[in-house]
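Remarks on the structure that follows.
The values are calculated or read from the model by the stated rules, or taken from the named source; none is laboratory data. Because the structure is a prediction, the values reported are computed rather than measured. Note that we place each Cβ from the backbone using ideal geometry, even for glycine, and neighbour counts take in every protein chain shown. What goes into the accessible areas is simple: the full protein's heavy atoms, side chains included, and nothing from ligands, DNA or RNA. Shrake-Rupley method; radii C 1.70, N 1.55, O 1.52, S 1.80 Å.
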Amino acid sequence: MFWTTGLPKRISMTVLAAVALSGCKVDSDFDLFVTDVFAVSESGQYLNTPTQIRIEAVSKERCEENKEAVREILSKYYPLKDPPVCQNVGLDTYVSLRVHVPVMKLPEGNFELPESAPSALGLKELPNGSVEVYGLISPSRFKLMENDFQNLNSSIRLQIGDVQITLTNDDRNPHRVFGPASWINDIPNFGPSIDVEGRERVVWKASDVAEAFLAINHFVWLMTIEP
(Lines give C-alpha, C1' and ligand atoms only; values in the text may rest on other atoms or scores of the structure.)
Protein backbone atom coordinates (compact mmCIF):
# COMPACT_ATOMS: atom_id res chain seq x y z
CA MET A 1 0.00 0.00 0.00
CA PHE A 2 0.99 3.63 -0.33
CA TRP A 3 0.71 6.87 1.68
CA THR A 4 -1.41 7.34 4.79
CA THR A 5 -4.83 8.91 5.17
CA GLY A 6 -5.69 11.91 7.30
CA LEU A 7 -7.05 9.80 10.17
CA PRO A 8 -6.80 10.42 13.89
CA LYS A 9 -3.33 9.66 15.24
CA ARG A 10 -4.13 6.32 16.91
CA ILE A 11 -5.92 4.97 13.81
CA SER A 12 -3.27 6.46 11.53
CA MET A 13 -0.49 4.63 13.40
CA THR A 14 -2.42 1.37 12.94
CA VAL A 15 -2.63 2.07 9.22
CA LEU A 16 1.10 2.80 9.15
CA ALA A 17 1.84 -0.57 10.73
CA ALA A 18 -0.28 -2.36 8.16
CA VAL A 19 1.45 -0.44 5.38
CA ALA A 20 4.88 -1.45 6.64
CA LEU A 21 3.87 -5.09 6.71
CA SER A 22 2.08 -5.25 3.36
CA GLY A 23 4.43 -3.07 1.32
CA CYS A 24 3.67 -1.10 -1.82
CA LYS A 25 3.37 -3.11 -5.04
CA VAL A 26 5.05 -1.98 -8.26
CA ASP A 27 3.44 -3.53 -11.35
CA SER A 28 5.08 -3.50 -14.81
CA ASP A 29 3.49 -4.15 -18.21
CA PHE A 30 6.17 -4.13 -20.94
CA ASP A 31 5.30 -3.57 -24.61
CA LEU A 32 7.58 -5.93 -26.53
CA PHE A 33 7.80 -6.33 -30.30
CA VAL A 34 9.16 -9.46 -31.94
CA THR A 35 11.27 -7.55 -34.50
CA ASP A 36 12.85 -5.51 -31.68
CA VAL A 37 13.77 -8.71 -29.82
CA PHE A 38 15.75 -10.09 -32.74
CA ALA A 39 17.22 -6.69 -33.68
CA VAL A 40 18.59 -6.07 -30.17
CA SER A 41 19.81 -9.66 -29.89
CA GLU A 42 21.69 -9.32 -33.19
CA SER A 43 23.11 -5.80 -32.80
CA GLY A 44 23.76 -5.75 -29.05
CA GLN A 45 22.42 -2.17 -28.93
CA TYR A 46 19.71 -1.66 -26.33
CA LEU A 47 16.49 0.22 -27.00
CA ASN A 48 13.73 1.60 -24.80
CA THR A 49 10.26 0.10 -24.93
CA PRO A 50 7.01 1.68 -23.65
CA THR A 51 6.02 0.22 -20.30
CA GLN A 52 3.08 0.84 -17.99
CA ILE A 53 4.26 1.25 -14.38
CA ARG A 54 1.67 1.12 -11.59
CA ILE A 55 2.41 2.10 -7.98
CA GLU A 56 -0.11 0.96 -5.39
CA ALA A 57 -1.94 3.68 -3.42
CA VAL A 58 -4.07 3.46 -0.30
CA SER A 59 -7.06 5.33 -1.77
CA LYS A 60 -8.23 7.26 -4.82
CA GLU A 61 -8.04 10.52 -2.85
CA ARG A 62 -4.42 10.01 -1.79
CA CYS A 63 -3.61 8.88 -5.31
CA GLU A 64 -4.84 12.17 -6.75
CA GLU A 65 -2.95 14.15 -4.11
CA ASN A 66 0.37 12.36 -4.67
CA LYS A 67 0.44 11.38 -8.34
CA GLU A 68 2.63 14.35 -9.33
CA ALA A 69 5.11 13.46 -6.59
CA VAL A 70 5.18 9.90 -7.94
CA ARG A 71 5.81 11.29 -11.44
CA GLU A 72 8.75 13.34 -10.16
CA ILE A 73 10.29 10.30 -8.48
CA LEU A 74 9.90 8.00 -11.47
CA SER A 75 11.30 10.66 -13.82
CA LYS A 76 14.66 10.26 -12.03
CA TYR A 77 14.85 6.64 -13.18
CA TYR A 78 12.85 6.31 -16.41
CA PRO A 79 12.13 8.56 -19.40
CA LEU A 80 8.43 9.42 -19.06
CA LYS A 81 5.99 8.94 -21.93
CA ASP A 82 2.62 10.09 -20.52
CA PRO A 83 1.36 11.98 -17.44
CA PRO A 84 0.25 9.97 -14.37
CA VAL A 85 -3.35 8.92 -13.83
CA CYS A 86 -5.16 7.22 -10.96
CA GLN A 87 -6.52 3.80 -11.86
CA ASN A 88 -8.63 1.21 -10.08
CA VAL A 89 -7.63 -2.43 -10.64
CA GLY A 90 -10.08 -4.68 -8.82
CA LEU A 91 -10.25 -3.40 -5.26
CA ASP A 92 -6.86 -1.65 -5.44
CA THR A 93 -5.93 1.87 -6.54
CA TYR A 94 -2.73 2.72 -8.42
CA VAL A 95 -0.83 5.67 -9.78
CA SER A 96 -0.29 4.58 -13.36
CA LEU A 97 1.96 6.13 -15.98
CA ARG A 98 3.81 5.20 -19.16
CA VAL A 99 7.60 5.18 -19.12
CA HIS A 100 10.39 3.83 -21.33
CA VAL A 101 12.28 0.77 -20.05
CA PRO A 102 15.48 -0.66 -21.60
CA VAL A 103 15.51 -3.88 -23.62
CA MET A 104 19.11 -5.10 -23.68
CA LYS A 105 21.23 -8.04 -24.77
CA LEU A 106 22.63 -9.87 -21.76
CA PRO A 107 26.44 -9.73 -21.76
CA GLU A 108 28.70 -12.35 -20.22
CA GLY A 109 29.56 -11.81 -16.56
CA ASN A 110 28.48 -8.89 -14.38
CA PHE A 111 26.68 -5.94 -15.92
CA GLU A 112 24.69 -2.80 -15.06
CA LEU A 113 21.31 -1.88 -16.47
CA PRO A 114 21.45 1.01 -18.99
CA GLU A 115 21.05 4.63 -17.91
CA SER A 116 19.43 4.92 -14.44
CA ALA A 117 16.74 2.27 -14.88
CA PRO A 118 15.84 0.09 -11.86
CA SER A 119 14.32 -2.53 -14.20
CA ALA A 120 14.77 -3.84 -17.73
CA LEU A 121 14.15 -6.74 -20.08
CA GLY A 122 17.22 -8.84 -20.92
CA LEU A 123 17.69 -10.97 -24.05
CA LYS A 124 19.87 -14.06 -24.43
CA GLU A 125 20.38 -15.58 -27.87
CA LEU A 126 20.54 -19.39 -28.05
CA PRO A 127 22.58 -21.42 -30.58
CA ASN A 128 19.42 -22.26 -32.58
CA GLY A 129 18.58 -18.56 -33.01
CA SER A 130 15.85 -18.48 -30.38
CA VAL A 131 15.93 -15.64 -27.84
CA GLU A 132 15.20 -15.97 -24.15
CA VAL A 133 13.53 -12.97 -22.48
CA TYR A 134 14.34 -12.18 -18.84
CA GLY A 135 12.98 -9.70 -16.35
CA LEU A 136 15.80 -7.80 -14.63
CA ILE A 137 16.00 -5.67 -11.49
CA SER A 138 18.88 -3.50 -10.26
CA PRO A 139 18.64 -3.97 -6.46
CA SER A 140 20.70 -0.84 -5.72
CA ARG A 141 18.55 1.41 -7.95
CA PHE A 142 15.33 -0.18 -6.72
CA LYS A 143 16.46 0.64 -3.19
CA LEU A 144 17.27 4.23 -4.19
CA MET A 145 13.78 4.56 -5.66
CA GLU A 146 12.30 3.14 -2.45
CA ASN A 147 14.24 5.74 -0.46
CA ASP A 148 12.70 8.49 -2.59
CA PHE A 149 9.22 7.14 -1.90
CA GLN A 150 10.01 7.02 1.81
CA ASN A 151 10.35 10.81 1.70
CA LEU A 152 6.59 10.77 1.09
CA ASN A 153 5.97 8.17 3.79
CA SER A 154 8.74 6.57 5.84
CA SER A 155 6.75 3.32 6.16
CA ILE A 156 6.75 2.55 2.42
CA ARG A 157 8.42 -0.69 1.35
CA LEU A 158 8.40 -1.24 -2.41
CA GLN A 159 7.62 -4.76 -3.58
CA ILE A 160 7.70 -6.43 -6.98
CA GLY A 161 4.10 -6.78 -8.14
CA ASP A 162 2.69 -8.04 -11.44
CA VAL A 163 5.20 -8.59 -14.26
CA GLN A 164 3.52 -8.71 -17.65
CA ILE A 165 4.64 -8.57 -21.28
CA THR A 166 2.27 -7.45 -24.02
CA LEU A 167 3.98 -9.20 -26.94
CA THR A 168 3.21 -8.03 -30.47
CA ASN A 169 4.34 -10.06 -33.46
CA ASP A 170 4.99 -7.21 -35.89
CA ASP A 171 6.58 -9.68 -38.30
CA ARG A 172 4.72 -11.25 -41.22
CA ASN A 173 5.68 -14.75 -40.12
CA PRO A 174 4.41 -16.66 -37.06
CA HIS A 175 6.75 -17.23 -34.13
CA ARG A 176 6.48 -19.96 -31.52
CA VAL A 177 6.71 -18.65 -27.97
CA PHE A 178 7.09 -20.83 -24.88
CA GLY A 179 7.94 -20.34 -21.23
CA PRO A 180 7.26 -21.27 -17.62
CA ALA A 181 3.78 -21.41 -16.11
CA SER A 182 2.10 -18.08 -16.89
CA TRP A 183 -1.21 -16.38 -17.57
CA ILE A 184 -1.78 -16.14 -21.34
CA ASN A 185 -4.53 -13.66 -22.25
CA ASP A 186 -5.90 -14.08 -18.68
CA ILE A 187 -5.96 -17.89 -18.96
CA PRO A 188 -3.63 -19.90 -16.66
CA ASN A 189 -1.25 -22.09 -18.64
CA PHE A 190 1.28 -24.61 -17.31
CA GLY A 191 4.34 -24.60 -19.57
CA PRO A 192 2.73 -22.62 -22.42
CA SER A 193 3.88 -23.09 -26.01
CA ILE A 194 1.91 -21.11 -28.58
CA ASP A 195 2.22 -19.87 -32.15
CA VAL A 196 1.85 -16.09 -32.33
CA GLU A 197 0.70 -15.20 -35.83
CA GLY A 198 1.81 -12.13 -37.75
CA ARG A 199 0.22 -8.93 -36.37
CA GLU A 200 -1.13 -10.88 -33.38
CA ARG A 201 -0.81 -9.58 -29.83
CA VAL A 202 -0.54 -11.78 -26.72
CA VAL A 203 -0.64 -10.72 -23.06
CA TRP A 204 1.83 -12.87 -21.11
CA LYS A 205 1.71 -12.45 -17.32
CA ALA A 206 4.31 -14.07 -15.07
CA SER A 207 3.22 -16.34 -12.24
CA ASP A 208 3.47 -15.38 -8.58
CA VAL A 209 6.42 -17.78 -8.28
CA ALA A 210 8.29 -15.98 -11.08
CA GLU A 211 7.61 -12.60 -9.48
CA ALA A 212 8.91 -13.84 -6.12
CA PHE A 213 12.00 -15.30 -7.83
CA LEU A 214 12.65 -11.92 -9.50
CA ALA A 215 12.40 -10.11 -6.16
CA ILE A 216 14.95 -12.46 -4.56
CA ASN A 217 17.38 -13.13 -7.43
CA HIS A 218 16.91 -9.92 -9.47
CA PHE A 219 16.36 -11.82 -12.72
CA VAL A 220 13.80 -14.32 -13.99
CA TRP A 221 13.14 -16.16 -17.26
CA LEU A 222 9.81 -15.04 -18.72
CA MET A 223 9.62 -16.55 -22.21
CA THR A 224 11.56 -17.81 -25.22
CA ILE A 225 10.78 -16.64 -28.78
CA GLU A 226 11.75 -18.91 -31.65
CA PRO A 227 12.92 -17.44 -35.00
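Compactness ratio for the range 49-162: Cα radius of gyration over 2.2 N^0.38 Å (N = residue count) comes to 1.18.
Between 0 and 90 degrees, the angle of helix 9-22 with respect to the longest Cα principal axis of the chain falls at about 20 degrees. For the range 130-200, the residue among Leu136, Ile187, Val163 whose Cα projects farthest onto the positive side of the dipole built from Cβ charges is Leu136. With a point put 7 Å past each Cα toward its Cβ, work out how far Ile216 is from Asp195 in nm, to one decimal. Calculated label separation equals 3.8 nm. Placing a label point 7 Å from the Cα of Asp186 along the Cα-to-Cβ direction, the residues of the range 73-110 whose backbone N falls under 13 Å of that point are 90.
Between Lys81 and Arg98, Val99, His100, the built amide H atoms are under 5 Å apart, and every one of these is 5 or more places off in sequence or on another chain.
Dividing the Cα radius of gyration of the chain by its Kirkwood radius returns 1.00 for Rg/Rh.
Mean separation of Cα pairs under 8 Å and 6 or more residues apart, divided by the residue count, gives the range 53-191 a relative contact order of 15 percent. Solvent exposure of the range 181-227, expressed per residue, is 58 Å² of accessible area, with all protein chains present and a 1.4 angstrom probe. For the chain, the cysteines with no partner cysteine C-beta closer than 4.7 Å are Cys24. Taking the accessible area of the chain, probe 1.4 Å, and keeping the other protein chains in place, the carbon and sulfur fraction comes to 53%. Extension gain for the segment Gln87 to Ser59, taken as residue separation times 0.36 nm less the Cα-Cα distance, is 9.1 nm to one decimal. Relative to the Cα centre, the charge distribution of the range 80-227, modelled as +1 at Lys and Arg Cβ and -1 at Asp and Glu Cβ, gives a dipole magnitude of about 180 debye. Here is how the number arises for the chain: DSSP H runs of 4 or more residues each give -39500 (n - 2.57), the sum is divided by the residue count, and the result at 222 nm is -8500 deg cm²/dmol. Each Cα pair under 8 Å and six or more residues apart adds its separation to the average, and for the range 21-96 the resulting relative contact order is 32 percent. Calculated over the range 121-161, the projected area of the Cα convex hull averaged across directions stands at 3.6 nm². Across all directions, the average flat footprint of the convex hull enclosing the Cα atoms of the range 177-220 is 3.3 nm². Which of rounded, prolate, oblate describes the range 111-207, given a ≥ b ≥ c as roots of the alpha-carbon gyration tensor eigenvalues and a/c under 1.5 marking rounded, otherwise prolate only if a/b is larger than b/c? Prolate is the answer for the range 111-207, as a/c is 1.5 or above and a/b outweighs b/c. Give me the log10 of I(q) over I(0) for the range 47-116 at q = 0.12, 0.22, 0.24 Å⁻¹, as the Debye formula computes it from C-alpha points; what are the numbers? For the range 47-116 at q = 0.12, 0.22, 0.24 Å⁻¹, log10 I(q)/I(0) is -0.38, -0.89, -0.99.
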